[in-house]
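For reference, the structure is listed below as structure tokens.
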Amino acid sequence: MNRHRTSRREFLRLAAVGASGALVAGRSIAQPATGGGRPLVVVQTAWPQSLDPTMDTNVNAGNIYAHMLESPAQYRYDAREKVMKLEPRLCDKWETRAPDRWRFHLRPGLKFTNGEEINAEVARFSMDTLKGNKGMASSYMNHVKEVVVVDPLTFDLVTDGPYAATPASTAFFFFFPPKYYAESGGKTGFGRKPIGSGPYKFVEWQDGVHIKLEANPAYWGAKPQIQAITFRAQPESATRVALLDTGEADLITALPPELIDRAKRTADIRTARGFRRVFCFFNANVAPTDNPLVRKAINHAVDVDAIVKNILGGHAYAAKGINKPGYIGYAPDKITGYKYDPELAKKLLTQAGYPNGIDLDYNHPVGRWLNDKDVAAAIVDMAGKAGIRFKDKGVEFNTASSLYSTQKATGMNMWSVGPLWLDPSFEWQVHFWSKGLYHYTNNAKMDELLDRLRTEVDPAKRIPIAQEFEKYVVDEYCPWLFLYDEEHIYGANKKLQWTPSPFERMDLQYATMAG
Amino acid sequence: MWRYIRRRLLLAVLTFWAVSTIVWGLLYLTGDPVAILLAGTPAGSTDVEQLRHALGFDQPLPIQYLHFLSGAVQGDLGNSLRSGEPALLLVSRRVGFTVQLALLAMTLALVVAIPVGIVSAMFRGSLTDRTLMLLSMVGQSMPIFWVGLLMIAVFAVELRWFPAGGAGGIKYLFLPAATLALYPMARIARLVRSSLVDVLNQDYILAARARGLRESLVVGKHALKNAALPVVTIVALQFGYMLGGAVITETIFGWPGIGLFTVTAIHERDFPVVQAAVVLASGMFIALNFLVDLLYGWLDPRIRFS
């Protein structure tokens, strides 16, 4: 996921890739078909540390275990409407019983691949395991107080106060077979050799070599067409493209835009607007960014469309607000946003009492997002023309991360927010709630609206709350420099019928291979 | 000799302790480890406090250091934050890959470098010498990732002799090993040449030649052994670096050695794993240097008695 740009290194890399391109040019490369026998080979950027979803929450791990493990609900991409939809999975329905109690009904007769039954006790065991493991995912279910077993096929999730996104959150609540989980040695054993109930089952994990899955012949749902998947890891993007060239890979992730033309010679490029939003947040508690006029001036001083077009090669989507396509209440027309207007920016600064401009820090990680260093440089340059003099402080990601979450960041700070369950209240509370991990804002109205959004369980009533919140945050409070969503770019075997989703889950059970 | 060994061993242990302490300290240099770990999760400030407590980061620094040290002595460097497995176990799974790569790369380097160095020294000033030294200078100055990508372009994509990347058998090992071998190969060749040239200018070589010995015997028996000392040093150092993980080569070829593993752990903020990897790599480096010190003492008696 780490894409950075160092001019000399990049130059040499492109030169080497170009050389290989020249060698390949003119000869057609026959990609072997992935028929019944040969597995589909997926090459990601890194190896997972564990296939236990309570432990390793990285996308490289999730892409593997989500083919084997199942949850009460799931998100599935509707390619026609271009939205992610929440669907029933292990549970065929759910309803609210009280503001803080949701009832889930399991499908009857479901089993794990080792024969263990899926029942309400399994739900309780899996929740206890998630919380007890103290892994990376342990805070995901903070809102759930307990799982109450009603009967073998019914369980209640009791939350600590009303929490609207409870059903959505169960898309990340994976079920484990209790007997096997204990026998395998708990999280460490299960994480190396998981058993689930999904469309694929685990075959082998040879450390550093491959992780193999095969179709589950007894799967209760639609059976996958692709019979076997092999996952591998390759951090260098040019090598991932080479693997695609030689037919050693059928699907590669995180293709950088500069290698697209190269990859196109032998493969298809598949893209999706991602859910990862890149933005800069202001410290709204200290001068000069405590003044909303200053924050708005900075938004008017930066031409986001030009950044997307010229620096990101069009592989991003300018976003004027904080909500995302497919989330509840998404209505970009209802917000005004900020047009590029450096003259207005200067006027706003004067109005704010800074006729001679302002000096402030600009912290940003380097090498985290696509061309981030160049984006930062462009922002500094554009803002400078409106009298906003940024001190460019590019640092390594972990350093920025620590600075931000210890509330020590001043001025403006580049960051991103990715999805978990696709509910805005989850992402917004991290940044706009006075008790969130990054509480650089402190606003009673935002807290109040966020509380209502979290607790209102009627979706129809949540829409206006989400829209009111976004309108207030964007057009009045203005806590961010609003930037863009990244694009996910994949290289794929031309015979692979598969559409990527904005969510970084591959869901290869829905893919097919021609020929 | 025993006194010499004892002294070297003590020095190795002290170095290892110092390195471990630095590694432990480095963890705190990038900032609050718990805050870094939870970045981007829905965690609130209470989660930060809970995790800090669970991981022992809420204790005073000297206590944390003692915990680390007592654990380290017992081979326990904590558990991976992303799998719960012992960090040292995770790293040790990758050591085999690194050792394989380093051994093959060093073998390739030596097999080429020593004959090249000898030939250059024997015919110094000749066209052969100049060509070989020019080639080795080029080899020494080419960026390793560029060489790696070219190797992939030519031998994997074009000729299809080897896989482009990954692991799973000897055929996967060859391209990364050849890439990794290039720099030490060039360096060792130049060093063999220069130290051999030095030795060949000495009086005892003149005496050997005056006695009418064959040139191959003069170089092979009398000169090479005396020219070996600086070469042994460089070979050991280069081998030590390789064992520490050839980060760039491993990254380009997706070779799952400890270099790539450590970089991934850094990106994923899995600090115990990073610590374990660095401690293990430094341990191997120090052990190797200790062995080289012993070898010195054996090769050159003056060293062990000084």
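The values are calculated or read from the model by the stated rules, or taken from the named source; none is laboratory data. Just so it is clear, the structure is predicted and the values come from calculations on it, not from any experiment. With ideal geometry, Cβ positions are generated from the backbone for all residues, glycine too; neighbour counts draw on all protein chains shown. We work out accessible area using only protein heavy atoms, side chains counted, and drop any ligands, DNA or RNA first. Shrake-Rupley method; radii C 1.70, N 1.55, O 1.52, S 1.80 Å.
I want the local charge near B:Leu134. Using Cβ-Cβ distances under 13 Å, sum +1 for each Lys or Arg and -1 for each Asp or Glu among the other residues. Intermediate values should be presented prior to the final figure.
Details: positive: B:Arg130, B:Arg190, B:Arg193; negative: B:Asp129.
Around B:Leu134, the surrounding residues sum to +2.
Just the number: Rg to Rh for the stretch A:193-248, Cα atoms, Kirkwood Rh, two decimals.
Working: Rg = 13.8 Å, Rh = 12.9 Å.
Result for the stretch A:193-248 is an Rg/Rh of 1.07.
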Quiz prompt | Volume in Å³ per residue [convex hull over Cα atoms, computed for the stretch A:63-207] | solution = 126 Å³
Exercise. Rank these residues by their accessible area, most exposed first, probe 1.4 Å: B:Leu61, A:Leu403.
Key: B:Leu61, A:Leu403
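Give me the percent of DSSP beta bridges within the protein assembly as shown that run antiparallel, rounded to the nearest 5.
On the way: 59 of 76 bridges.
Taking every DSSP beta bridge within the protein assembly as shown, about 80 percent pair in antiparallel fashion.
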Practice problem: Average the reciprocal distances over every distinct pair of alpha-carbons in the stretch A:165-215, invert the result, and give the Kirkwood radius in Å. | Solution: 12.4 Å
Quiz item: With a Cα-only, solvent-free Debye model of the stretch B:112-235, what are the log10 I(q)/I(0) values at q = 0.10 Å⁻¹?
Solution: -0.42
Quiz item: Given A:Pro199, A:Met127, A:Phe155, which one lies farthest toward the positive end of the charge dipole of the stretch A:85-214, if we put +1 on the Cβ of every Lys and Arg and -1 on the Cβ of every Asp and Glu?
Solution: A:Pro199
Quiz item: Which one of B:Tyr183, B:Ala54, B:Ala121 is farthest out on the positive end of the charge dipole of chain B, using unit charges on Cβ (Lys, Arg +1; Asp, Glu -1) and the Cα centre as origin?
Solution: B:Ala121
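What do you get for Rg/Rh of the stretch A:92-143 when both radii come from the Cα atoms and Rh is the Kirkwood radius? The partial results should precede the final answer.
Details: Rg = 13.2 Å, Rh = 12.9 Å.
Rounded to two decimals, Rg/Rh equals 1.03.
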Exercise. Determine the order of A:Arg232, B:Arg6, B:Arg82 by accessible area, beginning with the largest, at a probe radius of 1.4 Å.
Key: B:Arg6, A:Arg232, B:Arg82
Quiz prompt | Diffusion constant of the stretch A:325-423 at 4 °C, which comes from Stokes-Einstein with the Kirkwood Cα-pair radius and 1.567 mPa s, µm²/s | solution = 82 µm²/s
Quiz item: What does the charge dipole of chain A about its Cα centre add up to, to the nearest 20 debye, if the Cβ of each Lys and Arg holds +1 and the Cβ of each Asp and Glu holds -1?
Solution: 840 debye
Quiz item: What does the charge dipole of the stretch A:113-200 about its Cα centre add up to, to the nearest 20 debye, if the Cβ of each Lys and Arg holds +1 and the Cβ of each Asp and Glu holds -1?
Solution: 460 debye
Quiz item: So what are the stretch B:162-215's ellipsoid semi-axes, whole angstrom, largest first, if each one is the square root of 5 times an eigenvalue of the alpha-carbon gyration tensor?
Solution: 42, 12, 6
Practice problem: Classify the protein assembly as shown as rounded, prolate or oblate from the Cα gyration tensor: take a ≥ b ≥ c as the square roots of its eigenvalues, call it rounded if a/c is under 1.5, otherwise prolate when a/b beats b/c and oblate if not. | Solution: prolate
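Relative to 2.2 N^0.38 Å, what does the C-alpha radius of gyration of the stretch A:214-367 come to as a ratio? Two decimals please.
On the way: Rg = 22.5 Å, N = 154, 2.2 N^0.38 = 14.9 Å.
The value comes to 1.51.
With only alpha-carbon atoms in the gyration tensor, what are the semi-axes of the equivalent ellipsoid for the stretch A:293-361, in Å, largest first?
Working: eigenvalues 136, 53, 18 Å².
So the equivalent ellipsoid measures 26, 16, 10 Å along its semi-axes.
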Exercise. Give me the net charge of A:Leu348's neighbourhood, meaning all other residues with Cβ under 15 Å from the Cβ of A:Leu348; Lys, Arg count +1, Asp, Glu -1.
Key: +1
Exercise. Mind checking which of A:Gly321, A:Ile311, A:Ala215 is farthest towards the positive end of chain A's charge dipole, using Cβ charges of +1 (Lys, Arg) and -1 (Asp, Glu) about the Cα centre?
Key: A:Ile311
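Give me the net charge of A:Leu450's neighbourhood, meaning all other residues with Cβ under 13 Å from the Cβ of A:Leu450; Lys, Arg count +1, Asp, Glu -1.
Numbers: positive: A:Lys435, A:Lys445, A:Arg452, A:Arg454, A:Arg462; negative: A:Asp423, A:Glu427, A:Asp447, A:Glu448, A:Asp451, A:Glu456, A:Glu468, A:Glu470.
Net charge around A:Leu450: -3.
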Exercise. Between the alpha-carbon centers of the stretch B:258-302 and the stretch A:459-515, tell me the distance in whole angstrom.
Key: 44 Å
Practice problem: In Å and from the alpha-carbon atoms only, list the Rg and Dmax of the stretch A:28-137. | Solution: 17.9, 63
Quiz prompt | Across A:Lys82/A:Lys339; A:Lys373/A:Lys393; A:Lys145/A:Lys179; A:Lys134/A:Lys187; A:Lys193/B:Lys171, pairs whose alpha-carbon gap is larger than 20 Å | solution = A:Lys82/A:Lys339; A:Lys145/A:Lys179; A:Lys193/B:Lys171
Exercise. Starting from the amide H of A:Val150, placed 1.01 Å from N in the peptide plane, find each other amide H under 5 Å away whose residue is 5 or more places distant or on another chain.
Key: A:Phe155, A:Asp156
Quiz prompt | Whole-Å semi-axes of chain B's equivalent ellipsoid (Cα gyration tensor) | solution = 44, 27, 13
Quiz item: For chain A, what is the mean residue ellipticity at 222 nm derived from helices alone (per DSSP H run of n ≥ 4: -39500 (n - 2.57); sum divided by total residues; nearest 500 deg cm²/dmol)?
Solution: -8000 deg cm²/dmol
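State which entries of A:Lys334/A:Lys385; A:Lys264/A:Lys495; A:Lys93/A:Lys445; A:Lys85/A:Lys131; A:Lys435/A:Lys471 exceed 23 angstrom in Cα-Cα distance in the structure shown. It would help to have the intermediate numbers written out before the result.
On the way: A:Lys334/A:Lys385 30 Å; A:Lys264/A:Lys495 14 Å; A:Lys93/A:Lys445 35 Å; A:Lys85/A:Lys131 27 Å; A:Lys435/A:Lys471 21 Å.
In this structure, A:Lys334/A:Lys385; A:Lys93/A:Lys445; A:Lys85/A:Lys131 lie more than 23 Å apart at Cα.
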Quiz item: Relative to the Cα centre, what is the charge dipole magnitude of the stretch B:185-233, using +1 at the beta carbon of each Lys and Arg, -1 at the beta carbon of each Asp and Glu, and rounding to the nearest 20 debye?
Solution: 140 debye
Quiz item: aspartates and glutamates near A:Lys391 by alpha-carbon distance under 14 Å, same-chain residues fewer than 8 away left out - which ones?
Solution: A:Asp359, A:Asp361, A:Asp381
Quiz item: At each listed q (0.11, 0.12, 0.13 Å⁻¹), what is the log10 of I(q)/I(0) that the Debye formula gives for the stretch B:151-306 modelled as equal alpha-carbon point scatterers?
Solution: -0.65, -0.73, -0.81
Practice problem: Considering only protein heavy atoms, with the full assembly of protein chains and a 1.4 angstrom probe, order A:Arg270, B:Arg3 by accessible area, largest first. | Solution: B:Arg3, A:Arg270
Exercise. Write down the accessible area per residue of the stretch A:154-290 in Å², having rolled a 1.4 Å probe over the full set of protein chains.
Key: 28 Å²
Self-check item: Surface accessible to a 1.4 Å probe, A:Tyr180 within the full protein complex, Å²
Solution: 30 Å²
Quiz item: Where the centre of each part is set by its Cα atoms, how far does the stretch B:201-243 sit from the stretch A:318-334, in angstrom?
Solution: 74 Å
Quiz item: Across 10 Å bins from 0, what is the distribution of all Cα-Cα pair distances for the stretch A:384-466, in whole percents?
Solution: 15, 38, 29, 15, 3
Self-check item: Cubic angstrom per residue, convex hull over Cα atoms of the stretch A:360-515
Solution: 158 Å³
Quiz item: If you keep only loop residues by DSSP, which trypsin sites (Lys or Arg not before Pro) in the stretch B:201-256 have at most 10 other Cβ atoms within 10 Å of their Cβ?
Solution: B:Arg211
Quiz item: So what are the radius of gyration and Dmax for the Cα set of the stretch A:443-500, in Å?
Solution: 18.2, 54
Quiz item: Are there trypsin sites (Lys or Arg not before Pro) in the stretch A:369-459 that DSSP marks as loop and that have at most 15 other Cβ atoms within 10 Å, and which are they?
Solution: A:Lys385, A:Lys408, A:Lys435
